[in-house]
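One structure is given below, encoded as structure tokens.
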Amino acid sequence: MSAHAHAPVGGRLVTAPFLVLAFLAAIALALLAGRFVYGLGAVTNLNDGYPWGIWVIIDIVIGTAFGCAGYAVSLIVYILNRGEYHPIVRSAVMASLFGYTLAGIAVMFDLGRYWNFYNLFLPWYAQPNSVMWEIALCVAGYITVLWIEFAPTFLERFGLHNAREKLSRVLFIIIALGVLLPTMHQSSLGTAIVILGHKVSPLWQTQFLPLLYLSSAILMGLALVPFESVLSALGLRRQLETGLMGRLNRVILAVGAIFLAVRLGDLLFRGALGHALAGDLQANMFLLESALFIGGLALLARQQARRSARAQFVAAVTLLMAGILFRINSYLVGYEPVNGTWHYFPSVPEMLVTVGIFSIEILLYLVFVKKLPVLAKHA
Amino acid sequence: MKRRDFLKATAVLAAAAPATGQAALMREPKSMPPQAIGMLYDSTLCIGCKACMSACKEANDLPPERLPEGGEWNTGTWDTPLDLSPTTYNIIKAYVNGTRAEKDRAENGYAFVKRHCLHCVDPSCVSACPVSAMHKDPLTGLVSHDPSLCIGCRYCVYSCPFGVPRYEYNDPFGQIGKCQLCSHLLAEGGIPACCDVCPTGASLFGPVEQLKAEARRRLDAAPGTELEFPRGEIGSDRPTHVATVGDYQQHLYGDRELGGTQVMYLSGVPFDRLGLPTDVPDVGYPTLSEGVQHTLYKGMAGPALLLGGLVFLARRNIKRNQADDPLFTDEDTEPDAAAQKEEKDS
Ligand code: SF4
Ligand code: SF4
Ligand code: SF4
């Protein structure tokens, strides 16, 4: 029998963290009401110099990169045939499910003319040259795929074995789609920057952005696994999966090395590295971003470290921060509007909405692991 | 897993990666539309009267704008915008330097610039828009916007290299606003309102080819001599404006920049002082972004191939390991039952 059966963690649902998270979510919803009554400007600091703010860059671009846990683990387990990671498939798919579903919802309140959103799906208005169009379709498709991928957990919980059996027969197609779609749109989130041209600093503007975005999304998805494993071990008093994580970290190291090689190689090839020493905000943010990538990977490079839970956790956090910063830098810090002095720093309500979105994600996580067979049982 | 599997899988994934030896993936640059019309704006002729601004408001039925702060004297009848906005499609801005002693001089001088959509030959806004709400007319090349399609994603705002399209953030039903070269007036046989009212011919409407020839004529004329400048529409029978030829920068802005624009500029001061980006490629940025997309997604062959490979690998690997797989094995499945199932399946 499968050595790692899954079971609901159980326990009380309404705990102190639960209430705090619910409160944060409620604030976000109240603020969003203001957005729909008075417009985007009433809640956000968006302007025509900075038409995309944290609701796009954090909620969507970074949120879906976090949501790459399911993608990255499926890739390793089902495509690269690394069966030993089976115990983490379910929780990884669930992390993706929430990351993507909430990003999908975030799109709806960021769109200025949301009531027209269905035009994205009408073939006669489709504009396939638009990177945005491709991302929208892929993300919508992937959210559907994720719910189907996660369905066995529900079916199991409610004892619908027949339905589950039927689903199992076609699941390989869904799993393949679940690898294809993120490969497409995670790279496209990088391509989306290319058209901004000279508005983005040479430290980030390159046609290699799709490859950089794809590899760093896989990196972040993978780093999320040890991160989540340590947190849930602490928070839900579960046993640590250090051994498995140690091996996973070798994969993280390899992916990170590919990212760094492309990143630095491209900068050298374009002769853009000089900008890194300009001493301005962009240059310093670039240095910080690079230091986080290199530091996180260096931590994992020592075999000793890969075995310690603490080092794994620190490395995972460092790499997640690096991936976050790379995204914020390439979309916001490295970007300069034309004509006029524009400023953007998210408003407090704008940030609270983002905090609310992530609170809902954690809230759902808690509910799901307590009520559904998501986490691996320990012998 | 076996090295061979790993290599196979990597090969499949490599199909998805934009592995390139070349420096740039480029789609063919777009060429000037056959019946391209546009505008020539000559900064040396502009006297900053802003007649074009109020004509634009009137022609497009846009409300006047008050200064954001102060301006108590202005009860709302004076149009005093500071920048382009969803309700200001056209604005005259002044470049000033030092003592501002002389017009059209970069140092200690000043100059005017008219800002609105340049109707790019290869427009970023059109390439960016996911729902075809930004549209470039295949014949005239005019770039128009259809709010009934627009989803308000503001990618056009983000991507326009000239900072033209604007969105109404303080309106729950906000929409995008930008100059559409008065297509509605053209349809009735008129000309763009701003060119119609321009007293000096600084804003001149006409077919792009003729406007380029006119620009050449001005650049070739000796500075300080007298020249006749057409007004309104090039080739029309309006009386001309006789003026002294300015000391031009020897370049027509928009002739090459970013693949060319149908609204072009002549100026006495360097173009970047007027806020026109000069350190730009001769092709539009969509050639680069679409270059990536077309390479990866040409006929969807790449993704289809990749999907085929993924389906194959997923199916095989699942069969091999099904008994162990949480997505496939029920918690209450007995060990031998799982083994049997696997047997049956393969
Ligand atoms: S100037 Fe901007 S809005 Fe106008 S056509 Fe070019 S890209 Fe589009
Ligand atoms: S805001 Fe509207 S016009 Fe602009 S890119 Fe988005 S959908 Fe197109
Ligand atoms: S062409 Fe029409 S819309 Fe454009 S600036 Fe002139 S008056 Fe305004």
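Kindly provide the set of residues from the range A:51-91 that are facing another protein chain (nearest Cβ under 9 Å), polar (S, T, N, Q) and surrounded by 24 or more Cβ atoms within 10 Å (Cβ to Cβ), ordered by number.
A:Ser74, the sole residue that qualifies.
Can you name every residue in the range B:115-139 that is out of contact with any helix residue (DSSP H, G or I) (no Cβ under 6 Å at 6 or more places or on another chain) and either without any contact (Cβ under 8 Å) to a residue 24 or more places away in the chain or within 13 Å of ligand 1 (Cβ to nearest atom) (or both)?
Looking only at the range B:115-139, we keep the residues that are out of contact with any helix residue (DSSP H, G or I) (no Cβ under 6 Å at 6 or more places or on another chain), and these are B:115-120, B:123, B:126, B:132-133, B:135, B:137-139.
Correct list: B:Arg115, B:His116, B:Cys117, B:Leu118, B:His119, B:Cys120, B:Pro123, B:Val126, B:Ser132, B:Ala133, B:His135, B:Asp137.
Just wondering, is there one or more residues in the range A:245-256 that are farther than 22 Å from A:Thr64 by Cα, at pLDDT below 90 and assigned to a loop (DSSP other than H, G, I, E, B)?
no
Take A:Ser201 and tell me if it is over 20 Å from A:Ala261 (Cβ atoms) and within 11 Å of chain B (Cβ to nearest Cβ).
It is false that A:Ser201 is over 20 Å from A:Ala261 (Cβ atoms) and within 11 Å of chain B (Cβ to nearest Cβ).
Just to verify a result, which residue in the range B:48-61, among those that are in a loop (DSSP other than H, G, I, E, B) and more than 16 Å from ligand 1 (Cβ to nearest atom), is surrounded by the fewest Cβ atoms within 10 Å (Cβ to Cβ)?
B:Asp61
Tally the residues that are within 19 Å of B:Cys198 (Cβ to Cβ) and surrounded by fewer than 19 Cβ atoms within 10 Å (Cβ to Cβ), restricting the search to the range B:97-118.
Number satisfying all stated conditions: 1.
From the list B:Leu149, B:Leu139, which one is among the aliphatic types (A, V, I, L, M) and within 8 Å of chain A (Cβ to nearest Cβ)?
B:Leu149
If you check B:Cys120 against the conditions, is it more than 10 Å from ligand 2 (Cβ to nearest atom), more than 10 Å from every other protein chain (Cβ to nearest Cβ) and touching a strand residue (DSSP E or B) at 6+ places or on another chain (Cβ under 6 Å)? Talk me through it step by step, then tell me what you get.
Numbers: more than 10 Å from ligand 2 (Cβ to nearest atom): yes; more than 10 Å from every other protein chain (Cβ to nearest Cβ): yes; touching a strand residue (DSSP E or B) at 6+ places or on another chain (Cβ under 6 Å): yes.
It is true that B:Cys120 is more than 10 Å from ligand 2 (Cβ to nearest atom), more than 10 Å from every other protein chain (Cβ to nearest Cβ) and touching a strand residue (DSSP E or B) at 6+ places or on another chain (Cβ under 6 Å).
Restricting the first residue to the range A:168-194 and requiring it to be more than 7 Å from every other protein chain (Cβ to nearest Cβ), which pairs with a second residue that is surrounded by fewer than 23 Cβ atoms within 10 Å (Cβ to Cβ) and of a type in the set (Gly, Ala, Ser) meet a Cβ separation below 7 Å and a spacing of at least six or different chains?
Pairs that qualify, where the first residue is more than 7 Å from every other protein chain (Cβ to nearest Cβ) and the partner is surrounded by fewer than 23 Cβ atoms within 10 Å (Cβ to Cβ) and of a type in the set (Gly, Ala, Ser), are A:Leu181/A:Gly141.
Among the residues of the range B:182-189, are any within 14 Å of ligand 1 (Cβ to nearest atom) and under 28 Å from A:Pro123 (Cα atoms)?
Looking through the range B:182-189, at least one residue is within 14 Å of ligand 1 (Cβ to nearest atom) and under 28 Å from A:Pro123 (Cα atoms).
Filter the range A:324-348 down to the residues that are crowded, with 20+ Cβ neighbours inside 10 Å and part of a loop (DSSP other than H, G, I, E, B) and list them by number.
Selection gives A:Gly334, A:Pro346.
From the list A:Ser216, A:Ser232, exactly one residue is assigned by TED's automatic domain parsing to the domain that holds A:Phe286, surrounded by 24 or more Cβ atoms within 10 Å (Cβ to Cβ) and in a helix (DSSP H, G or I). Which is it?
A:Ser216
Only one of (1) in contact with a Gly (Cβ under 9 Å, 6 or more places away or on another chain); (2) under 21 Å from A:Ala316 (Cβ atoms) is not met by A:Gly178, so which one is it?
For A:Gly178, the exception is condition (2).
Among the residues of the range B:297-311 satisfying the criterion of being within 8 Å of another protein chain (Cβ to nearest Cβ) and surrounded by fewer than 23 Cβ atoms within 10 Å (Cβ to Cβ), which is nearest to A:Ile195 (Cα to Cα)? Don't jump to the end; show me each part of the working.
First, pick out the residues of the range B:297-311 that are within 8 Å of another protein chain (Cβ to nearest Cβ): B:297, B:303, B:306-307, B:310-311.
Among the residues that remain, those that are also surrounded by fewer than 23 Cβ atoms within 10 Å (Cβ to Cβ) are: B:297, B:303, B:306-307, B:311.
Details: B:Tyr297: 17, B:Pro303: 22, B:Leu306: 26, B:Leu307: 27, B:Val311: 33 Å.
Applying the filter and picking the extreme gives B:Tyr297.
Given the conditions (1) closer than 30 Å to B:Val292 by Cα; (2) assigned to a loop (DSSP other than H, G, I, E, B), which single one is not true for B:Pro64?
The failed condition is (1).
Among the residues of the range B:27-55, what is the count of those that are within 14 Å of chain A (Cβ to nearest Cβ) and within 15 Å of ligand 3 (Cβ to nearest atom)?
Count: 0.
Among the residues of the range B:77-88, is there at least one that is over 20 Å from the mean Cα position of the chain (by Cα), modelled with pLDDT of 95 or more and either away from ligand 1 (no atom under 16 Å from the Cβ) or closer than 30 Å to A:Val179 by Cα (or both)?
No, the range B:77-88 contains no residue that is over 20 Å from the mean Cα position of the chain (by Cα), modelled with pLDDT of 95 or more and either away from ligand 1 (no atom under 16 Å from the Cβ) or closer than 30 Å to A:Val179 by Cα (or both).
The rows are residues; the columns are (1) more than 14 Å from chain A (Cβ to nearest Cβ); (2) under 32 Å from the mean Cα position of the chain (by Cα); (3) away from ligand 1 (no atom under 16 Å from the Cβ).
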residue	(1), (2), (3)
B:Ala221	yes, no, yes
B:Glu226	yes, no, yes
B:Thr240	yes, no, yes
B:Gly246	yes, yes, yes
B:Tyr253	yes, yes, no
B:Val263	yes, yes, no
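Could you list all residues from the range B:127-158 that are closer than 19 Å to B:Pro86 by Cβ, crowded, with 24+ Cβ neighbours inside 10 Å and more than 8 Å from ligand 2 (Cβ to nearest atom)?
Matches in the range B:127-158: B:Val143, B:Tyr158.
Hey, any hits in the range B:152-160 for a residue that's touching a residue at least 24 places away in the same chain (Cβ under 8 Å), touching a strand residue (DSSP E or B) at 6+ places or on another chain (Cβ under 8 Å) and of a type in the set (Lys, Arg)?
Checked the range B:152-160: no residue is touching a residue at least 24 places away in the same chain (Cβ under 8 Å), touching a strand residue (DSSP E or B) at 6+ places or on another chain (Cβ under 8 Å) and of a type in the set (Lys, Arg).
Please pick out the residue among A:Gly279, A:Gly271, A:Gly295 that is of a type outside the set (Asp, Glu) and either in a helix (DSSP H, G or I) or in contact with a Ser or Thr (Cβ under 8 Å, 6 or more places away or on another chain) (or both).
Sole residue among the options that is of a type outside the set (Asp, Glu) and either in a helix (DSSP H, G or I) or in contact with a Ser or Thr (Cβ under 8 Å, 6 or more places away or on another chain) (or both): A:Gly295.
Go through the range A:150-167 and give me each residue that's in contact (Cβ under 8 Å) with a residue 24 or more places away in the chain and more than 7 Å from chain B (Cβ to nearest Cβ).
Result: A:Phe150, A:Thr153, A:Phe154, A:Arg157.
What's the number of the only condition in (1) among the hydrophobic types (A, V, I, L, M, F, W, C); (2) touching a residue at least 60 places away in the same chain (Cβ under 8 Å); (3) surrounded by 24 or more Cβ atoms within 10 Å (Cβ to Cβ); (4) more than 10 Å from chain A (Cβ to nearest Cβ) that B:Val164 fails to meet?
The number of the failed condition is (4).
Could you count how many residues in the range B:114-146 are within 15 Å of ligand 3 (Cβ to nearest atom), more than 11 Å from the chain's Cα centre (by Cα) and under 20 Å from B:Leu288 (Cα atoms)?
Total meeting the criteria: 0.
Quick grid of which residues meet (1) at pLDDT 95 or above; (2) within 14 Å of chain A (Cβ to nearest Cβ); (3) within 16 Å of ligand 3 (Cβ to nearest atom):
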{"residue": "B:Gly177", "(1), (2), (3)": "yes, yes, yes"}
{"residue": "B:Gly206", "(1), (2), (3)": "yes, no, yes"}
{"residue": "B:Glu209", "(1), (2), (3)": "yes, no, no"}
{"residue": "B:Ala213", "(1), (2), (3)": "yes, no, no"}
{"residue": "B:Arg217", "(1), (2), (3)": "yes, no, no"}
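If you go through the range B:244-257 one residue at a time, how many are surrounded by 16 or more Cβ atoms within 10 Å (Cβ to Cβ) and in contact with a Ser or Thr (Cβ under 8 Å, 6 or more places away or on another chain)?
7
Only one residue in A:Val139, A:Val131 is within 7 Å of chain B (Cβ to nearest Cβ), of a type in the set (A, V, I, L, M, F, W, C) and either within 30 Å of B:Ala314 (Cα to Cα) or surrounded by fewer than 18 Cβ atoms within 10 Å (Cβ to Cβ) (or both). Which one? Spell out how you get there, then give the answer.
Working: A:Val139 fails: within 7 Å of chain B (Cβ to nearest Cβ).
Answer to the selection: A:Val131.
The values are calculated or read from the model by the stated rules, or taken from the named source; none is laboratory data. For clarity, every value in this text was computed on a predicted model and none was experimentally measured. Virtual Cβ from ideal backbone geometry, glycine too; neighbours counted across all protein chains shown.
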